[in-house]
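Only one structure is covered here, and it is reproduced in the block below.
Since every read-out is calculated from the coordinates, none of them should be taken as a lab result. Keep in mind that what you see is a predicted model, and the values were worked out from it rather than measured. Glycine also receives a Cβ, built like all others from the backbone with ideal geometry; neighbour counts cover every protein chain displayed.
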Amino acid sequence: MKSIVITGVSAGIGYATTTELLRRGYHVFGSVRKQADADRLQDEFGPSFTPLLFDITDHAAISKAVQQVAVAVHDKGLEVLINNAGILVPGPLMLMPLPDFRAQFDVNVLGLLDVTQQFLPLLGARQDPPFAPGRIVNVGSVSGKIAYPFMGAYAATKHALEALSDSLRRELMLYGVDVILIESGTTRTPIVEKVNRQMQKYRGTA
């Protein structure tokens, strides 16, 4: 059975992708930040799903998850790493607190790169791996091409992901590891409701 790692599977695109991949016969290792979500998804998805408990801004927790996956897949490696986890903190750039702006880069860019770097050996980016090279799928956004008002911080991270993906694709050709960037449009997930709530704090401030 081929194995796939997906970050951010508790809801939205990650949850839907996990559901489809399990239907297609893959074993999915899915990251969540809360034990309650890990327990819920394990009960729902069954033995072909393994929850990984880590926040993608926590280097040590990622390392622990990589070790867990390495033991499970042994010498078969990973088929795919899907970097799906991310956050969207909207707001006008003239008023957005720098910690809010920085948090989006910590998750959407730095955290994503940390996860990628640590899982790369299991994807075949090393000397003479005993398995065929895997691939990386980065879940980007149309915001990586077009920056809308009040979405500047989020768009900046997705523009950065475009550059990161393009460079990494060329660098990993040496190992046969492909890098794919998905530039999705607006998708109705729980993040949409979160955006509406987060924008309320800026009412009447301009």
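Given a cut-off of under 8 Å on Cα pairs at least six residues apart, what relative contact order in percent is computed for the chain?
Values: 341 pairs, mean separation 41.6, N = 206.
Dividing the mean separation by the residue count of the chain yields 20 percent.
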Residues with amide H under 5 Å from that of residue 52, placed H, sequence gap 5 or more: 30, 31, 32
Residues of type aspartates and glutamates that residue 64 reaches as a straight line, Cα spacing below 20 Å, ignoring anything fewer than 8 places off in the same chain: 37, 39, 55, 75, 79, 106, 114
Trypsin sites (Lys or Arg not before Pro) restricted to DSSP loop in the range 119-172 with at most 15 other C-beta within 10 Å: 126, 145
Please go through the range 16-103 and write out the trypsin sites (Lys or Arg not before Pro) that DSSP classes as loop and that have at most 13 other C-beta atoms within 10 Å. 24, 34
